[in-house]
Amino acid sequence: MKRIFLTITGALIILFISSCYEDLSNNPIANKPPKTYISVFADSTISQQQSSVRLHWWGDDPDGLVIGYFISIDGINWKFTTKNDSLLSFTILGTDTSYLFRVAAVDNSGNGKYDAQIISGSINFGSEPFTDLNKNKKWDEGEPFIDCGAIDPNPATLKLPLKNSPPVIKFLVDSKNNTILIPDTTFTVASFGWTISDLDGDNTIRRVFIALNDTTEKVELPPNTRFITLKAGGPFNSDIVECDIYLGTSINVPFPVKLKGMRLNQLNRFYVYCEDIAGSKSQLISMPAEGSDKKWFVKKPKGDILIIDDYGINDNTASFYYRMMDSLNLSNRYDVWDIKLGKTTNTPPLLLPRLLSPQFLETLSLFKVIIWYTDNDPTLEPAQIAIRNYTISGGKVLFSMMFPQLFDPRGLSDFLPIDSLSPAPISVIPRNTKVNPIGEGLILNYPQLSIDDGNVPVARIRTYYPNPVTAKNLYNLDLPGQPIISFKTSDSRIIFLGLPLSRVNGSPFNAKAFLDKVLFQEFGVTR
């Protein structure tokens, strides 16, 4: 009896299991989509976010694995990612903007084939992501793809109220002394540089504005402008003139709009500010700053001649050139630019010539003739940068220039027609040593010069080997070997004297005759 009961019970169990199996086969349990969650990182807040916010999201799947997420900020365009967090940047179109961020988890219950369109609930998520091996922007057989399974039909959402941050603009500064990169005095050329930053992204800058003295006369510049050069060229028929604007560090074609309001022989102030795509404006900054003790004086050129004072010491050399120019009846036709010390009143010292090379070159271009005199420590970098372009444009230069005992001479060929110079300087040149015209100097009747009998001897002078094709010799020293000390370019645009002109005015006193020959005959200055 017991055996019969067990047999019947076993049969019933088998029948029950079989029945259940048939039910499962005929009515399989449907795959359940994952559920998605989203949060803001602990160090962020949802209210008044800037245009970048770090978000975190995750998904739970009751019967599978989450393989990725579709995210969207407009509910239309969806992007697939396997990441669980991201620093998202948003474009702010007004002072206050709200975005609804959406994220939907995707599980691993894919159908094993590529789907060009995935729809879950009422949402079209687009096509399955794939690797476009042949770069034709469509899926082709054999290209890897992500086989998306069920997608959360109700994506997690988070409203992000975003607040625009205004851009910040600052003038470029010299990191050594934290000063604005503009001399306190310039001629009618000035370069200005600034930086712009925006927490919403530097690409949100829409406009840059500049003005001179009067902010109602502003000019709008392209949004990527960070460096400009202003230039007012002659003739100057008024004390208030317009300026050409050159964008960037290359002086080519001026900006089509001129900037009004440069005041000649007066103090000036430059203004700049910017605006982002949401209409938020930066602070209006000025050079010099409002209320500061700094000044910017714009000096009106007197004529076509510029004397560059490159002496590193205070002595009577400047007064020598003043006397020479006066004796040649050029007193009201020249200006002095002290590029090293700013020793004289209202002459602009040169600051950071590499950065301000547009200002330097365009200042030279205001003049037709340059007289550049130095001690044995010349400021070579601006000469290397500017002189070649200046002379190509028609300018003429007279150098009275010496060089330090130890220096790299390779850069000299950037602006002088020389092959080399003596490896070591002449220690001392005796007083009354003659400086004799040779070659072209004899042909053009250059005057004989002579080392004067001053208290300080002329020392550490190098001699030169000019290029035989591009240069013509003018003078040598009356010393053994008759070393060459002066030459010029074949086109007479550069004349070089490797001695202080102020120290070769000995008997005969011919420095004036030398300048007369150079300025009026060689350079074509009108009397």
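Every number in this text was worked out from the coordinates using simple rules, so none of it is lab data. These figures come from a predicted structure and were not determined experimentally. Glycine also receives a Cβ, built like all others from the backbone with ideal geometry; neighbour counts cover every protein chain displayed.
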Next on the checklist: Per-residue counts of other Cβ atoms within 10 Å, averaged by peptide: what ranking do you get for 286-296, 219-229, 365-375, highest first?
Outcome noted: 365-375, 219-229, 286-296
Item to check | Under the Debye formula (equal points on every Cα, no solvent term), log10 I(q)/I(0) of the stretch 168-298 at q = 0.11, 0.14, 0.19, 0.20 Å⁻¹ | outcome: -0.38, -0.62, -1.13, -1.24
Checklist entry - For Lys35, which aspartates and glutamates qualify as cross-link partners when the Cα separation must be under 17 Å and same-chain residues fewer than eight apart are set aside? => result Asp60, Asp61, Asp63, Asp85, Asp107, Asp152
Next on the checklist: If I fit a long axis through the Cα atoms of helix 317-327 and take the longest principal axis of the Cα atoms of the chain, what angle between them do I get, 0 to 90°, rounded to 10?
Outcome noted: 60
Checklist entry - Among bridges DSSP assigns within the chain, what percent are antiparallel (round to 5)? => result 80
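Which of Tyr271, Tyr37, Tyr475 comes first, and how do the rest follow, when ranked by fewest Cβ neighbours within 10 Å? Can you show the working numbers first?
Working: Tyr271 18, Tyr37 13, Tyr475 28.
Starting with the residue having the fewest Cβ neighbours, the order is Tyr37, Tyr271, Tyr475.
Rounded, prolate or oblate: which fits the stretch 305-522, taking a ≥ b ≥ c as square roots of the Cα gyration tensor eigenvalues, rounded meaning a/c under 1.5, else prolate when a/b beats b/c? List each step's numbers first, then the result.
Numbers: a/c = 1.33, a/b = 1.22, b/c = 1.09.
The shape class here is rounded.
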Next on the checklist: With a cut-off of 8 Å between alpha carbons and a minimum separation of six or more residues, what is the relative contact order of the chain in percent?
Outcome noted: 9
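For Cα pairs less than 8 Å apart in space and 6+ apart in sequence, what is the mean separation divided by the residue count of the stretch 168-298, i.e. the relative contact order in percent?
Working: 273 pairs, mean separation 34.7, N = 131.
It comes to 26 percent, rounded to a whole number.
May I ask you to derive the relative contact order of the stretch 35-163, considering only C-alpha pairs under 8 Å and at least 6 residues apart, and to give it as an integer percent?
Working: 270 pairs, mean separation 41.0, N = 129.
In percent, rounded to a whole number, it is 32.
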Next on the checklist: Can you work out the Karplus-derived ³J(HN,Hα) for every residue in the stretch 276-287? Use 6.51 cos²θ - 1.76 cosθ + 1.60 with θ = phi - 60°, whole Hz, and x for glycine or proline.
Outcome noted: 9, 5, 8, x, 7, 9, 6, 5, 7, 10, 9, 10
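Summarise the long-distance tail of P(r) for the chain by giving the % of C-alpha pairs beyond 28 Å.
Summing the P(r) of the chain above 28 Å gives 69 percent of all pairs.
Rounded, prolate or oblate: pick one for the stretch 412-480, where a ≥ b ≥ c are the square roots of the eigenvalues of its C-alpha gyration tensor, a/c under 1.5 means rounded, and failing that, prolate if a/b is larger than b/c, else oblate.
Details: a/c = 2.52, a/b = 1.28, b/c = 1.97.
In terms of gyration-tensor shape, oblate.
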Checklist entry - Using θ = phi - 60° and the Karplus form 6.51 cos²θ - 1.76 cosθ + 1.60, what ³J(HN,Hα) does each residue of the stretch 248-261 get, whole Hz, x for Gly and Pro? => result x, 8, 9, 8, 10, 8, x, 4, x, 10, 8, 9, 8, x
Item to check | Set of aspartates and glutamates near Lys434 by C-alpha distance (under 18 Å), chain-local residues within fewer than 8 positions excluded | outcome: Asp452, Asp453, Asp478
Checklist outcome for this item: Measuring from the longest principal axis of the C-alpha atoms of the chain, the long axis of helix 2-26 (C-alpha) lies at a number of degrees, nearest 10, equal to 40
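What area, in nm² and to one decimal, does the C-alpha convex hull of the stretch 202-275 cast on average over all directions? Mind dumping the intermediate values first?
Numbers: hull surface 21.6 nm².
Reported value for the Cα convex hull: 5.4 nm².
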Checklist entry - So who's got an amide H within less than 5 Å of the one on Tyr373, skipping anything under 5 residues away but keeping other chains? H placed 1.01 Å off N, in plane. => result Ile308, Asp310, Ser400
Item to check | Degrees, to the nearest 10: 380-392 long Cα axis against longest axis of the chain | outcome: 80
Checklist entry - Arranged by the count of other C-beta atoms within 10 angstrom, fewest first, what order do Thr195, Thr36 take? => result Thr195, Thr36
Item to check | Under 30 Å from Lys260, Cα to Cα: lysines that are on another chain or at least 8 residues apart | outcome: Lys170, Lys218, Lys231, Lys281, Lys294, Lys295, Lys299, Lys300, Lys302, Lys368
